[in-house]
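Below is one structure; the comments refer to it alone.
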Amino acid sequence: AITLITTNTESGDATSSFTSGIDSTYKLYIFKFIDINPATDGAALTFQGNASSQTGYNETMTTTFFRAYHDEADSGTAVQIYAGDDQAQGTAFQHLVGDGTGNGSDESCAGTLWLFNPSSTTYVKHFCSTMNNYMEGDYSINEFMSGYFNVTAAITNIQFKMDSGNFDGTIKMYGVA
């Protein structure tokens, strides 16, 4: 069964943090992003975690990123690795969208992040995402990211933010039994 745990509705906010509800109750947590619209044209949605009793949202992660895109004018299409958004034992906030989202009233990104067994104190914490992004250059981009937090401590907090500026939108966190 899937259970809604928390809904964060942001309006001109810098961050969206989930600081409770990520515990051993569920082995899978799902975050749903609904109409994430940045204040800064071309800003990208990112995330990072905190291990139990840590602060700073700077856990070590290894990730990979690829995308498929098509522009409105039907002049550009591709499927490609997007290595600029990969991390190899990095501690930066990880991009969920590689190219910036447009800040127009009809532009936004939406998608899903899955976080697997964050309470394990034995294994790394795997995650993966699928996002669709209305890029500031009028492209529809389907973006895929996966990786793991390379820590054996439990991940108890997740934070989302744009890589520049504030944003509006809704983020829902679910637990799956």
The chain - charge dipole about Cα centre, Lys and Arg +1 at Cβ, Asp and Glu -1, debye rounded to 20: 1040
Furthest towards positive pole of dipole, 19, 66, 102, structure part the range 10-152, Cβ charges: 19
Nearest-20 debye value, the range 1-83 charge dipole, Cβ charges on Lys, Arg, Asp, Glu: 420
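Roughly speaking, to the nearest percent, how much of the range 16-132's 1.4 Å accessible area is carbon and sulfur? Show your work: numbers first, answer last.
Values: 2570 of 5200 Å².
Ligands and nucleic acids excluded, carbon and sulfur give 49 percent.
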Simple spin-label estimate for residue 152 and residue 64 in nanometres, 7 Å along Cα-Cβ: 2.5
Debye intensity ratio in log₁₀ form over the Cα atoms of the chain, taken at each q of 0.10 Å⁻¹: -0.36
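Let me have the relative contact order for the chain, percent, based on Cα pairs under 8 Å that are six or more residues apart. Don't jump to the answer; show the numbers that get you there.
Values: 527 pairs, mean separation 74.5, N = 177.
Relative CO of the chain lands at 42 percent.
If you put +1 on each Lys and Arg Cβ and -1 on each Asp and Glu Cβ, how big is the dipole of the range 71-166 around its Cα centre, in Debye rounded to 20? Mind showing how you got there, number by number?
Numbers: 2 positive and 12 negative charges, 168 e Å.
Computed about the Cα centre, the dipole is about 800 debye.
Could you do me a favour and compute the accessible area per residue for the range 82-177, 1.4 Å probe, result in Å²? Working shown, then result.
Working: 3690 Å² over 96 residues.
With all protein chains present, the range 82-177 gives 38 Å² per residue.
The values are calculated or read from the model by the stated rules, or taken from the named source; none is laboratory data. It should be emphasised that the depicted structure is a prediction, and the values quoted were computed from it without experimental measurement. FYI the Cβ positions are ideal-geometry reconstructions off the backbone, even for glycines, and counts take in every protein chain you see. Surface accessibility is based on the protein's heavy atoms, side chains included, excluding ligands, DNA and RNA. Shrake-Rupley method; radii C 1.70, N 1.55, O 1.52, S 1.80 Å.
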